[in-house]
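Report on the following structure.
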Amino acid sequence: MPMNETNAGGVRRRSVEIVVPVYNEAHVLADSIGRLHAHLEESFPFPFRITIADNASTDATWYAATDLTVRLPHVHAVRLEEKGRGRALKHVWNRSSADVVAYLDVDLSTGLEAFLPLVAPLLSGHSDLAVGSRLHRQAAVVRGAKREFVSRSYNLLLKAGLGARFSDAQCGFKAVRTDVFRALAPHIEDTAWFFDTELLVLAQRNGLRVHEVPVDWTDDPDSRVDIVRTAVDDLLGMRRMLRSTLAGRTRVPALPRRTSTSQVPAARTLTPAAVLPTGANTHLEYAS
């Protein structure tokens with residue numbers, strides 16, 4: 001489906017590009033992308049593209065990714081020769097022609113029914129960024145005590161050290177208006193896991209509106225995340241951002257302004273079953 005699709009009246013429809021960063025995920029890639037593609041085709045009422053971003057995999061991930069681009073009409077793939085989730089997201093998001101860019105982890109730990117509520121407030125002009133939260137009081141999370149402790153401790157440190165007002169910086173389920181990201185991107189230094197936190201802190205420092213969505217989340221027992229290494233890198237990133245804040249380097253000039261429209265309901269009013277039944281599309285189109 002073209003990313004700049006118009007309706008019968010010639011009005012351009014808002015579009016979304018979903019990036020799935022991967023590193024050596026050949027064993028799960030076809031199943032995960034197939035499930036994501038099927039879900040979006042069945043229930044997502046906007047033009048979309050799924051982009052697999054291969055971060056220098058050394059297994060058959062790139063072969064699997066290119067095979068999926070042949071078999072599934074909305075799937076695209078890019079390969080980077082260096083690792084880093086942040087690097088992959090910055091590369092694809094900066095080049096996207098979609099109105100909203102998003103990402104989710106290849107393990108699909110987050111329930112896909114939360115995807116439309118995630119992007120709806122961005123498509124409507126209500127918010128600038130949207131994040132899934134496993135720490136929201138309405139979230140339903142299944143994971144081990146160790147990861148729960150690390151996640152909550154990190155977010156408490158963010159609140160104490162950087163004054164964070166968001167509840168879950170590292171959930172692999174986020175979206176941002178593309179024009180907003182392009183303005184913030186030159187100011188984001190991290191290319192790995194701290195990328196998410198840096199994006200959110202910059203957004204908060206510049207008065208952008210961040211929408212949180214409670215998610216259903218099930219821990220992936222095959223996760224490759226090195227918790228200790230990631231925690232150390234996050235602490236170093238927090239120290240760097242605190243220095244940047246004190247020095248006034250987190251202010252971003254000329255950020256795009258929100259342009260609200262009433263034709264796409266904000267995510268807080270959405271219930272996937274009642275408001276947006278499968279096949280709904282015509283009433284969620286609006287001019288850019």
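The values are calculated or read from the model by the stated rules, or taken from the named source; none is laboratory data. Small disclaimer: the values here were computed from a predicted structure and weren't measured. Every residue, glycine as well, gets a Cβ built from its backbone with ideal geometry; the counts of neighbours run over all protein chains shown.
With the checklist (1) surrounded by 16 or more Cβ atoms within 10 Å (Cβ to Cβ); (2) at pLDDT below 95; (3) of a type outside the set (Ser, Thr, Tyr) in hand, flag the one item Arg152 doesn't pass.
It is condition (1) that Arg152 fails.
For Glu81, only one of the following conditions fails: (1) over 26 Å from Ala185 (Cβ atoms); (2) loosely packed, with under 15 Cβ neighbours inside 10 Å. What is its number?
Just one mismatch for Glu81, condition (1).
Please find, within region 205-244, the residue that is modelled with the lowest pLDDT out of those that are among the polar types (S, T, N, Q) and either surrounded by fewer than 17 Cβ atoms within 10 Å (Cβ to Cβ) or within 18 Å of Phe173 (Cβ to Cβ) (or both).
Out of the qualifying residues, it is Ser223.
In this structure, does Ala183 turn out to be in contact with a Leu (Cβ under 6 Å, 6 or more places away or on another chain), in a helix (DSSP H, G or I) and crowded, with 20+ Cβ neighbours inside 10 Å?
Judged against the criteria, Ala183 is not a match.
Restricting to region 186-212, name every residue that is farther than 24 Å from Gln138 by Cβ, assigned to a loop (DSSP other than H, G, I, E, B) and touching a Leu at 6+ places or on another chain (Cβ under 7 Å).
Ile188, Asn206
Take the residues of region 1-43 that are modelled with pLDDT of 95 or more and touching a Pro at 6+ places or on another chain (Cβ under 9 Å): which is surrounded by the most Cβ atoms within 10 Å (Cβ to Cβ)?
Of everything passing the filter in region 1-43, Val16 is surrounded by the most Cβ atoms within 10 Å (Cβ to Cβ).
If you take the residues in region 155-169 that are surrounded by fewer than 15 Cβ atoms within 10 Å (Cβ to Cβ) and within 14 Å of Ala203 (Cα to Cα), which one is nearest to the chain's Cα centre (by Cα)?
Arg165
Residue under question is Arg71, and the condition is that it be surrounded by fewer than 19 Cβ atoms within 10 Å (Cβ to Cβ), over 20 Å from the mean Cα position of the chain (by Cα) and basic (Lys, Arg); does it hold?
Spelling it out, Arg71 is indeed surrounded by fewer than 19 Cβ atoms within 10 Å (Cβ to Cβ), over 20 Å from the mean Cα position of the chain (by Cα) and basic (Lys, Arg).
Contact list please: Cβ distance under 7 Å, first residue in region 150-171 and of a type in the set (Val, Ile, Thr), second residue surrounded by 14 or more Cβ atoms within 10 Å (Cβ to Cβ), pairs at least six apart or on different chains.
Close Cβ pairs (under 7 Å, with a partner that is surrounded by 14 or more Cβ atoms within 10 Å (Cβ to Cβ)) amount to Val150/Ala231.
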